[in-house]
Every structure is written in structure tokens, then in C-alpha cells.
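Following: one structure in C-alpha cells, then a few remarks.
Values quoted throughout were computed directly from the atomic coordinates according to the rules given, and no laboratory measurement underlies them. Since this is a predicted model, take the numbers as computed values, not measurements. Cβ: placed from backbone, ideal geometry, glycine included. Neighbour counts: every protein chain shown.
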Amino acid sequence: MGPTASRWWQTARTPKQGFVLGGFWLVLAVAYGVFAVGEPISWSVIVAALAALLGVGYLVTAVLLRQRLRSTQRDPR
């Protein structure tokens, strides 16, 4: 498998895509969390939690892809 080959756990194909989408989902999670302050558990809290999970998933994939790319680019001396 090449460095950008997809596996079942990957949510992004490249590290850059993973970092961008992970950051987007985490910003969205924070925004929904801010809107939910002071309210009883509502849809905003649920959406914020799901967006945070999605953001973390993208970031984990980006970090793993970046590590894999670096390990394949090292000189095997």
C-alpha cells in the first residue's frame, strides 16, 4: 500500500486534508458548545460532542498518515 492508500480507519487521504478537516470540526464543536452554555442538555451539546469526535478522528488520522509518510521517506542507512 502506498502512503495515501486508504484503510478502514482513515477519514482523510492526506495529512493536510486531515488537519484542515479536523480543525474545522473542532472549531464547529467549540461553537456549538458556546451556544449551549447555560442551557440544559440540548441538541447543541449533542452536535458539539459528535463534531468533537469527528474532529479528533480526522486529527488522529492526519498524525498517523504524517508519521507513515515520514517513516517511508527516511533513508534506511
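Here are the numbers for this structure:
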item	result
Pair E39, V63: separation of 7 Å Cα→Cβ label points (nm)	3.1
Computed label-point distance, nm, for sites A31 and R70 using a 7 Å Cα→Cβ extension	3.1
